[in-house]
Amino acid sequence: MTTMIECTEGHYEVQEISYGKTYVWCHEHVVVECDCGERPVLSASQTLCRCGADHAALVRKVLGSHEAPHPWDTEYDEWRNKQDEYLVSEETYELELSRLD
């Protein structure tokens, strides 16, 4: 019987570089113990053990429910909130223009 040993969800790794940040995608994978004794690292695109056993059903079941968040979402939300502070309504803009006359 095939047993799941470890599951790593897909995720982004943030790397600092001289001009900012870069986001590197690390694919999700599953380590299983096959009936043959091997412990292959499997992914959505690689589901076969060296012995030829196909573990696609297990891989789909384990990996199918994961969805990784984007690490830049939080930064964008913070930036967007700051931008909203500087947005002026059309009514306020017209009022300010009328004061200049």
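Any read-out appearing in this document is the output of simple, stated calculations on the displayed coordinates, not a laboratory observation. A quick note: this is a predicted structure, and the numbers were derived from the prediction, not measured. Quick reminder, even Gly has a Cβ in these numbers, built from the backbone with ideal geometry, and neighbours come from all protein chains shown.
Among Glu28, Glu75, Glu90, the largest mean-square fluctuation in a Gaussian network model of the chain (Cα springs under 10 Å) belongs to Glu90.
Can you pull out the chymotrypsin sites (Phe, Trp or Tyr not before Pro) in the stretch 1-72 that DSSP calls coil and that have at most 13 other Cβ atoms within 10 Å? The qualifying sites are Tyr19. Mean residue ellipticity at 222 nm, helices only, the chain: -10500 deg cm²/dmol; runs of at least 4 DSSP H residues each add -39,500 (n - 2.57), and the sum is divided by the number of residues. Once C-alpha pairs closer than 8 Å and six or more residues apart are averaged by separation and normalised to the residue number of the chain, the relative contact order reads 21 percent. Computed from label points 7 Å out along Cα-Cβ, the spacing between Cys26 and Arg99 is 5.3 nm. Across the stretch 48-53, computed HN-Hα scalar couplings (Karplus, 6.51 cos²θ - 1.76 cosθ + 1.60, θ = phi - 60°) run 9, 7, 4, 6, x, 5 Hz from first to last residue, x flagging Gly and Pro.
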